[in-house]
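Novice: What follows is a structure written as C-alpha cells; I'll ask about it next.
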Amino acid sequence: MQNRVLLVEDDEELRTLLARYLNGQGFEVREAANGGDGLTLAAEGLTDIVVLDIMLPDMSGLDVLRELRARNHLPVILLTARGDETDRIVGFEVGADDYIPKPCNPRELVARIQAVLRRVAWDHQAEVDADRVFGDLRVEPEQRRVYLRDDPVELTATEYEVLQVLLAHAGSVVRKTDLMQWALGRRLAAYDRTLDMHISNLRRKLGPEEPSRIETVRGLGYSYRVTGPAPSDT
C-alpha cells in the first residue's frame with residue numbers, strides 16, 4: 001500500500017518538483033496551493049502525512065496546523081524558511097512532528113517522511129496491547145493514548161514516541177543521541193534543537209511539577225522520573 005502525502009505549498013514550481021519526486025519514490029501525492037484547500041483535502045481522510053509550508057497566501061501554515069491538530073493527529077512536517085528558528089519553535093509548540101528548511105533537498109524530505117511514518121507505525125505494530133501505568137501516568141499503546149490522573153493528554157505522534165522511549169527506560173538516563181535515533185529516526189546533528197523542543201512540549205503537557213518528571217542530565221540526556229507508585233502493567 002502506498003503512503004499518502006498531502007503537500008501544501010503555494011510555490012507551484014517547488015510543489016511540482018517535490019510531488020514528482022515523491023511520486024517517483026512510491027508515494028501517492030495530493031497537492032494544495034493554499035491552506036484552505038489543504039484543510040479540505042485533509043478532512044477527507046485520505047492522507048497519512050502532511051507536508052505543510054508555513055508561508056501560504058490565504059492563511060499561515062501555523063494556523064493550518066492548529067486547525068489540523070484540533071481535528072486529528074495526522075503527522076505534519078513543516079517547510080520553514082532557513083534560519084527562522086521562531087517559526088520552528090512555534091511549530092513544535094502547536095504540534096508539528098518535524099520540520100525541514102527551504103529550499104529543501106527532495107531526498108532529505110523523503111527521509112524525513114519515512115522516519116515520521118515509521119514512528120507512527122511502530123506502536124501500531126506492537127503486539128503488546130495492555131495498558132501501562134507509570135505512577136499517575138497511564139498509556140494505552142493500542143490506541144496510542146496517554147492519560148495523566150485519568151485526564152487525556154493530547155500528544156503529537158512524535159511527542160508520543162519520545163515519551164515511549166523515556167518510559168521504556170523510566171528511572172534511567174537515555175542519551176540524547178539514542179533518544180533522537182530511537183524516537184525521531186535520525187541522528188542528532190550539531191545545533192539541532194528538534195529534540196529539545198519536543199521535550200519542552202512534553203514537560204508543559206505533563207504538568208508543572210518541580211522537579212519536572214522529565215529530568216535533564218547534563219552532558220548525557222534525559223530521564224523520566226516516575227511519580228507515585230512504581231511502573232507496572234495492568
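Read-outs: derived from the displayed coordinates by stated rules, not from any lab. It should be emphasised that the depicted structure is a prediction, and the values quoted were computed from it without experimental measurement. Here the Cβ positions follow ideal geometry from the backbone for every residue, glycine too, while neighbour counts run over all protein chains shown.
Novice: Can you tell me, using C-alpha contacts under 8 Å and at least 6 residues apart, the relative contact order of segment 132-233 as a whole percent?
Specialist: About 36 percent, as a whole number.
Novice: Answer rounded, prolate or oblate for segment 4-124, using the Cα gyration tensor with square roots of eigenvalues a ≥ b ≥ c: rounded when a/c is under 1.5, else prolate when a/b is larger than b/c, else oblate.
Specialist: Values: a/c = 1.15, a/b = 1.05, b/c = 1.09.
Note, shape of segment 4-124 comes out rounded.
Novice: Helix 157-168 versus the longest principal axis of the chain: what is the Cα-based angle in degrees, 0 to 90, to the nearest 10?
Specialist: Computed tilt is about 20 degrees.
Novice: To the nearest 10 degrees, how steep is helix 194-205 against the longest Cα principal axis of the chain, on a 0 to 90 scale?
Specialist: Taking Cα atoms only, the helix is inclined about 60 degrees.
Novice: Could you give the size of the charge dipole of segment 4-124 about its Cα centre, using +1 on the Cβ of each K and R and -1 on the Cβ of each D and E, expressed in debye and rounded to the nearest 20?
Specialist: Its charge dipole is roughly 460 debye.
Novice: Okay, next question. Express the relative contact order of the chain as a whole percentage, based on alpha carbon pairs under 8 Å and six or more residues apart in sequence.
Specialist: Rounded, it is 15 percent for the chain.
Novice: Assuming a ≥ b ≥ c are the square roots of the Cα gyration tensor eigenvalues, decide whether the chain counts as rounded (a/c under 1.5), prolate (otherwise, with a/b larger than b/c) or oblate. Provide the component values of the computation, followed by the final result.
Specialist: Values: a/c = 1.91, a/b = 1.69, b/c = 1.13.
Judged from the Cα gyration tensor, the chain comes out prolate (a/c at least 1.5, a/b above b/c).
Novice: Pull out the extension gain between R145 and R204, defined as 0.36 nm times the separation in residues minus the alpha carbon to alpha carbon distance; nm, one decimal.
Specialist: Going from the current span to full extension adds 19.5 nm.
Novice: Next question, about the same structure. Pairing the Cα long axis of helix 106-124 with the longest principal axis of the chain, what angle in degrees results, from 0 to 90 and rounded to the nearest 10?
Specialist: Roughly 40 degrees between the two axes.
Novice: Evaluate E = 1/(1 + (r/R0)^6) for D58 and L17, where r is the Cβ-Cβ distance and R0 equals 30 Å; express this FRET efficiency to the nearest 0.05.
Specialist: Once rounded, the FRET efficiency stands at 0.85.
Novice: I'm checking a number: the convex hull volume of the Cα atoms of segment 132-233, normalised per residue, in Å³. What is it?
Specialist: 96
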